[in-house]
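Asks: Dropping the structure in here first, questions after.
No lab work stands behind these numbers, since they all come straight from the coordinates. Just so it is clear, the model here is predicted, and its values are computed rather than measured. Cβ placement follows ideal geometry from the backbone for every residue including glycine, while neighbour counts extend to all protein chains displayed.
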Amino acid sequence: MPIFVGEVGWPTDGDKNANSAYATRFYNGLMKKLAANQGTPLRPGYIEVYLFGLLDEDAKSILPRNFERHWGLFRYDGQPKFPIDLSGKGDNKSLVPAQNVTYQPLTWCVLNPDAKDVPKLDDNINYACTRADCTALTPGSSCSGLDAHASGSYAFNSYYQIQNQNPQSCNFQGLAKITTSNISQANCNFTIQIVYSSSTTVWPSLKILALTLASSILLI
């Protein structure tokens, strides 16, 4: 009976053990093993394996754990996260990034330092994070070192971006404001959303992005 491994991978955020360094180490070992066609002691030889996954999924369920949204070899915008050698020969290099990706304008939603109604901050952060992706704020994750002020800004910006930077989505009862200053810190990236189709049934730009990335992997 042939063996197929349907999903195997390593997440890069959302947990203290989910990061690019561990993912690189995992894939280096996996690719070397697969290239040797050794199989397992009971199943020697070739084993068909499918990597999981191609892109991060910022709307995926986090019921298992917060890292569920960060399995991609590529970020949400089609940019590779880390070097990888798909041949298993140990020659790590960057995967081919998606081309001609169109981003929203360079604006971010942040906590207004002059805001007066601070007691409402926690409720507004919870509102943002239940509707957007705040898994990078998980303890041990890429943005877990932010202070309370910056964490609020991260939550507000995440919501603002998934709302296609609608100015009305950056209010939060007067606690937020829009800025043109990039507030990313160290390894914590305050994202800018990509432009997508207004179609209610499909997102052609994302479909093209996925096809472009799949082609780049196959060609390497």
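Asks: Around Arg75, what is the net charge, scoring Lys/Arg as +1 and Asp/Glu as -1 over all other residues with Cβ under 15 Å from its Cβ?
Replies: On the way: positive: Lys60, Arg69, Lys81; negative: Asp13, Asp56, Glu57, Asp58, Asp77, Asp133.
Net local charge, Arg75 excluded: -3.
Asks: Another question about this same structure. Suppose each label sits 7 Å from its Cα in the direction of the beta carbon; what would the Lys120-Met1 distance come out to in nanometres?
Replies: Placing both labels 7 Å along Cα→Cβ, they lie 6.0 nm apart.
Asks: Using Cβ contacts closer than 10 Å as the measure, can you line up Met1, Met31 from fewest to most?
Replies: By the 10 Å Cβ count, ascending, the order reads Met1, Met31.
Asks: Hey, got the dipole for the chain? About the Cα centre, +1 on K and R Cβ, -1 on D and E Cβ, debye to the nearest 20?
Replies: 460 debye
Asks: Set the Förster radius R0 to 41 Å, insert the Cβ-Cβ distance between Ile47 and Val101 as r into 1/(1 + (r/R0)^6), and round the FRET efficiency to 0.05.
Replies: 0.75
Asks: OK, next. In deg cm²/dmol, rounded to 500, what helix-only [θ] at 222 nm does the chain give when every DSSP H run of at least 4 residues adds -39500 (n - 2.57) and the total is split over its residues?
Replies: It comes out at -8500 deg cm²/dmol, rounded to the nearest 500.
Asks: Do you know the Lys pair count in the chain for C-alpha distances under 28 Å, with sequence separation 8 or more or different chains?
Replies: Lysine pairs meeting both conditions in the chain amount to 21.
Asks: So if a site counts as exposed when it's one of the trypsin sites (Lys or Arg not before Pro), its DSSP state isn't H, G, I, E or B, and it has at most 16 other Cβ atoms within 10 Å, what's the longest stretch of the chain without one?
Replies: With trypsin sites (Lys or Arg not before Pro) excluded where exposed in loops, the chain gives 117-220 as its longest stretch.
Asks: According to a simple spin-label model (label point 7 Å from Cα along Cα-to-Cβ), what is the distance in nm between His149 and Gln38?
Replies: Label at Gln38, label at His149, 5.3 nm between them.
Asks: What number comes out for the charge environment of Val8, summing +1 per Lys or Arg and -1 per Asp or Glu over other residues with Cβ under 12 Å away?
Replies: Overall, the nearby charge balance is -1.
Asks: Next question, about the same structure. In what order do Phe172, Phe26 fall by count of nearby beta-carbon atoms within 10 Å, going from fewest to most?
Replies: Starting with the residue having the fewest Cβ neighbours, the order is Phe26, Phe172.
Asks: At R0 = 25 Å, how high is the FRET efficiency between Asn92 and Ser184 if r is their beta carbon distance? Nearest 0.05 is fine.
Replies: 0.50
Asks: Provide the percentage of antiparallel DSSP beta bridges, counting only those with both residues in the chain; round to the nearest 5.
Replies: Among the beta bridges of the chain, antiparallel pairing accounts for roughly 70 percent.
Asks: Let me ask something else about it. In whole Å, what three semi-axes, largest first, describe the equivalent ellipsoid of the chain built from its Cα gyration tensor (square root of 5 times each eigenvalue)? Before the final figure, lay out each step's value.
Replies: Numbers: eigenvalues 271, 72, 44 Å².
So the equivalent ellipsoid measures 37, 19, 15 Å along its semi-axes.
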